[in-house]
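Here is the structure we will look at.
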Amino acid sequence: QVQLVEAGGGLVQPRGSLRLSCATSERTFRSYVMGWFRQAPGKEREFVATISRDGDTTSYLDSVKGRFTCSRDNVKNTVYLQMNSLKPEDTAVYYCAAKVLGGISIRYSAYTYWGQGTQVTVSS
């Protein structure tokens with residue numbers, strides 16, 4: 001079982017920034033495609049961002065393009081989600097996930113391992 005631990009959530013004002021991190025002790029981290037998803041109260045879990053194993057390819061939810069940046073450090077076994085210009089509608093629990101086989105994907109069913117989630121609240 002791969003353990004993924006998110007950190008960096010919190011309360012931030014609109015137009016503010018947060019950086020989420022997701023770390024694992026697994027040396028196989030570099031073999032996983034990583035993704036970020038979020039779930040707001042009363043809504044389904046939705047894709048936010050994904051990054052390839054080497055970090056060269058990313059994909060984003062349209063509403064976060066230009067504001068969020070996903071990156072990874074395969075030495076530190078960590079994936080990041082830099083979130084800028086945050087909006088109240090970004091409020092959700094954010095989850096990182098690891099995909100074992102194949103390339104990047106926006107489908108949450110394609111991911112095998114999940115973190116526990118970290119709350120992001122954007123409010124004045």
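Please work out if Y108 is more than 13 Å from L20 (Cβ to Cβ), modelled with pLDDT of 95 or more and surrounded by 14 or more Cβ atoms within 10 Å (Cβ to Cβ).
Working: more than 13 Å from L20 (Cβ to Cβ): yes; modelled with pLDDT of 95 or more: no; surrounded by 14 or more Cβ atoms within 10 Å (Cβ to Cβ): yes.
It is false that Y108 is more than 13 Å from L20 (Cβ to Cβ), modelled with pLDDT of 95 or more and surrounded by 14 or more Cβ atoms within 10 Å (Cβ to Cβ).
Would you pick out the residues in the stretch 47-60 that are in contact (Cβ under 8 Å) with a residue 24 or more places away in the chain and surrounded by 14 or more Cβ atoms within 10 Å (Cβ to Cβ)?
F47, V48, A49, T50, I51, S52, T58, S59
Restricting attention to the stretch 24-83, which residues are small (G, A, S), in contact with a Ser or Thr (Cβ under 9 Å, 6 or more places away or on another chain) and in a loop (DSSP other than H, G, I, E, B)?
Filtering the stretch 24-83 down to residues small (G, A, S) leaves 25, 31, 35, 40, 42, 49, 52, 55, 59, 63, 66, 71.
Now narrow it down to the ones that are in contact with a Ser or Thr (Cβ under 9 Å, 6 or more places away or on another chain): 35, 40, 49, 52, 55, 59, 66, 71.
Hits for the stretch 24-83 are A40, S52, G55, G66.
Could you run through the stretch 65-103 and say how many residues are open to solvent by less than 20 Å² (accessible area, probe 1.4 Å) and under 15 Å from T121 (Cβ atoms)?
Going through the stretch 65-103 one residue at a time, the tally reaches 5.
The values are calculated or read from the model by the stated rules, or taken from the named source; none is laboratory data. Quick caveat, the model's predicted, so the values are computed rather than measured. Glycine gets a Cβ as well: all are built from the backbone with ideal geometry, and neighbour counts include every protein chain shown. These accessible areas exclude ligands, DNA and RNA; they are computed on the full protein's heavy atoms, side chains included. Shrake-Rupley method; radii C 1.70, N 1.55, O 1.52, S 1.80 Å.
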